[in-house]
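Everything below concerns the one structure shown next.
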Amino acid sequence: MNKIVSATTMKALVYLAPGKKSLEERPKPDLTAPTDAIVKITKTTICGTDLHILKGDVPSCQPGRILGHEGVGIVDKVGSAVTMFKPGDHVLISCVSACGKCVYCRKQMYSHCTTGGWILGNTIDGTQAEFVRIPHADNSLYPVPDGADEEALVMLSDILPTGFECGVLNGKVQPGSTVAIVGSGPIGLAALLTAQFYSPAEIIMIDLDDNRLEVAKRFGATATVNSADGKAAETVMAMTAKRGVDTAIEAVGIPATFELCQQIIAPGGTIANIGVHGKKVDLHLESLWDRNISITTRLVDTATIPMLFKTVSSRKIDPKLLITHRFKLDNILDAYETFGNAAKTKALKVIIEA
Ligand SMILES: NC(=O)c1ccc[n+]([C@@H]2O[C@H](COP(=O)([O-])OP(=O)(O)OC[C@H]3O[C@@H](n4cnc5c(N)ncnc54)[C@H](O)[C@@H]3O)[C@@H](O)[C@H]2O)c1
Ligand SMILES: [Zn+2]
Ligand SMILES: [Zn+2]
């Protein structure tokens with residue numbers, strides 16, 4: 001009896017309603033288009049965005065949805081049009097699905113793919129399950145070479161490309177430049193790790209949580225500022241001889257932190273926003289109009305996964321440093337509890353083994 005059940009059903013973490021989720025038995029996904037692949041998940045994780053969904057902040061994600069948009073696994077089945085992968089292949093799943101053909105994909109702006117983008121664990125079922133259906137498999141999966149460290153690669157599905165593309169690349173981090181990263185969560189720390197590709201002279205990390213600032217120091221921050229006293233802008237200006245920073249990366253997503261970026265940006269500098277904002281934020285053109293600054297926004301495209309893959313394989317960066325806890329899929333509710341109480345548990349990224 002058990003055998004029959006396990007052949008057609010699987011365990012999955014399902015969003016039920018704001019504040020409610022459960023680990024349920026769900027039908028195993030099947031191919032729905034010739035470009036699909038079914039992947040058996042080996043390792044996945046939880047993102048801050050999953051917590052946003054559970055609060056009811058992401059209306060596109062409806063009750064009944066299997067959550068998760070990060071992970072690695074083994075290809076179980078492929079549709080007839082998939083040419084890059086076959087059953088048994090070890091793959092990394094991008095959080096963004098891309099057809100590779102539409103006007104946005106042709107510009108490598110995969111996040112805006114007209115039939116993809118961020119749909120996994122949002123508008124289609126996601127990776128916090130034993131199996132997942134990946135649309136546009138040829139462009140949304142990446143081969144994992146033998147012997148690669150799966151846990152490190154889970155960090156490549158979302159957080160490393162997000163910190164790098166939206167923060168470091170958009171922020172134009174340069175050798176010898178001065179960078180401030182507001183927010184030392186997994187995304188801010190991913191920006192910190194990848195900013196160091198460009199040898200900035202200073203990277204100042206700002207957060208309210210001393211534990212996360214301690215981690216930031218170990219990851220290469222040259223200075224840290226706890227902004228709980230409301231004086232972070234003055235502190236950063238004092239640290240930079242009243243000049244401000246060349247790049248200010250916003251990695252929180254609230255008005256106060258975007259305003260802080262505007263207060264500390266040097267003439268000619270770039271404010272690179274990463275945070276997802278739910279509330280309007282004032283733009284202080286009265287003080288910024290003559291300062292030659294740029295402001296950028298971006299939804300992660302994951303176009304840099306192949307490049308980041310090489311930096312991880314060659315150990316230029318070690319994203320495994322971000323992993324603080326490990327759980328089995330059976331205990332994913334404990335994993336959510338731990339991840340959701342990061343201030344107490346000191347959690348950064350949790351690995352879930354399916
Ligand atoms: N643009 C994109 O494509 C994209 C992709 C993924 C995530 N995001 C967004 O990036 C942001 C960061 O993600 P995360 O997973 O690291 O989030 P997180 O919640 O784990 O980290 C945010 C950090 O900000 C700190 N913080 C909160 N208020 C602060 C304040 N007033 N001053 C200074 N620090 C403060 C918190 O202590 C925490 O360490 C979120 O808004 C997330 O939704 C954007
Ligand atoms: Zn995410
Ligand atoms: Zn496309």
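The values are calculated or read from the model by the stated rules, or taken from the named source; none is laboratory data. Worth saying up front: this structure is predicted, and the values here are computed from it rather than measured. Note that each Cβ is placed from the backbone with ideal geometry, even for glycine, and that neighbours are counted across all protein chains shown.
Working only within region 78-95, note down all residues that are in contact (Cβ under 8 Å) with a residue 40 or more places away in the chain, among the small types (Gly, Ala, Ser) and surrounded by fewer than 23 Cβ atoms within 10 Å (Cβ to Cβ).
Within region 78-95, GLY79, SER80, ALA81 meet the criteria.
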Q: Answer yes if at least one residue in region 32-49 is more than 16 Å from ligand 2 (Cβ to nearest atom), part of a helix (DSSP H, G or I) and in contact (Cβ under 8 Å) with a residue 24 or more places away in the chain, and no otherwise.
A: no
Q.
With the condition being touching a strand residue (DSSP E or B) at 6+ places or on another chain (Cβ under 9 Å) and in contact (Cβ under 8 Å) with a residue 40 or more places away in the chain, I'd like the helices (runs of 4 or more DSSP H) fully within region 280-354 carrying at least 2 qualifying residues.
A. 305-313, 332-340
(Q) Give me the residue from region 56-114 that is away from ligand 2 (no atom under 16 Å from the Cβ) and aromatic (Phe, Trp, Tyr) and, out of that set, nearest to ASP158 (Cα to Cα). (A) TYR104
Q: Looking at (1) touching a residue at least 40 places away in the same chain (Cβ under 8 Å); (2) surrounded by fewer than 12 Cβ atoms within 10 Å (Cβ to Cβ); (3) away from ligand 1 (no atom under 16 Å from the Cβ), find the lone condition where SER60 falls short.
A: (3)
Q: Among the residues of region 135-162, write down those that are within 16 Å of ligand 3 (Cβ to nearest atom) and in a loop (DSSP other than H, G, I, E, B).
A: PRO135, HIS136
Q) Only one residue in GLY220, GLY268 is touching a Leu at 6+ places or on another chain (Cβ under 7 Å), more than 14 Å from ligand 1 (Cβ to nearest atom) and modelled with pLDDT of 95 or more, so which one is that? A) GLY220
Q | Any hit, region 141-150, residues being at pLDDT 95 or above and closer than 30 Å to ASP209 by Cα | A | no
